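The structure appears right after this line, and notes come after that.
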Amino acid sequence: MDKFWIPVIASIFFVLLVNVSYSDLNDQWVQCSNPGDTRPDNFICCYGSWVTGTGCPVIFSQSGIPSGTTWGLRVDLNKYYSTGSSVTVTGKDTVTYSYDNPVQVGDTRYVCTSSCSGSLTFGSPGSDTVAATYKKQYPLTMSVNPVGAGGTSPSTGTDWHDSGKDVAIS
């Protein structure tokens, strides 16, 4: 096995060079305050720090829709789909978003109850995740036979009702 030696002077010079570069990086480039600002070396201001890339990621997640069920999300003019619990979107502007509502699968539907739509600025502190919540509903169809022989409560027709909730029928 060959051994080699680095002269002490070269080692000190190298350490000084690294320390100067690291100090410059901390003072001028690590923190930023304007989300979406870019630098010429392919960095963008995301969540208060400079990161490489062309945009800041935001995780749009949902709970309540089972895995394997397709759901969608619109971010400005772009549409994204997932069969899992989240979609990651990268951008650098202020955008509006809206989750699909309702999401219907056969005789079951999922209705968004929170964080269903809004706006955010990519890279702003606190805007790195959006979490929508869905609830499950089933249809209840009421009818009278023969037609016109009386009434029902709920009224005739089909209404959606929350899973696990009692419905009074008369």
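Do any strands (runs of 3 or more DSSP E) entirely within the stretch 58-170 hold 3 or more residues that are open to solvent by 70 Å² or more (accessible area, probe 1.4 Å) and free of Cβ contacts under 8 Å to residues at least 12 places away in the same chain, and if so, which? Show your work before the answer.
Working: elements: 71-75, 78-82, 86-91, 94-99, 103-105, 108-114, 117-121, 129-142, 157-162.
Passing ranges: none, list empty.
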Could you please let me know if THR52 is at pLDDT below 90 and in contact with a Leu (Cβ under 9 Å, 6 or more places away or on another chain)?
-> no
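Kindly evaluate THR83 against the criterion of being of a type in the set (Val, Ile, Thr), closer than 30 Å to SER117 by Cβ and at pLDDT below 90.
Judged against the criteria, THR83 is not a match.
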For residues that are polar (S, T, N, Q) and part of a strand (DSSP E or B), scanning just the stretch 39-57, find the one that is surrounded by the most Cβ atoms within 10 Å (Cβ to Cβ).
-> SER49
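The values are calculated or read from the model by the stated rules, or taken from the named source; none is laboratory data. Quantities reported herein were computed from a predicted structural model and do not represent experimental measurements. Here the Cβ is made from the backbone with ideal geometry for all residues, glycine too, and neighbour counts use every protein chain on show. Keep in mind that these areas ignore ligands, DNA and RNA; they rest on the heavy atoms of the full protein, side chains included. Shrake-Rupley method; radii C 1.70, N 1.55, O 1.52, S 1.80 Å.
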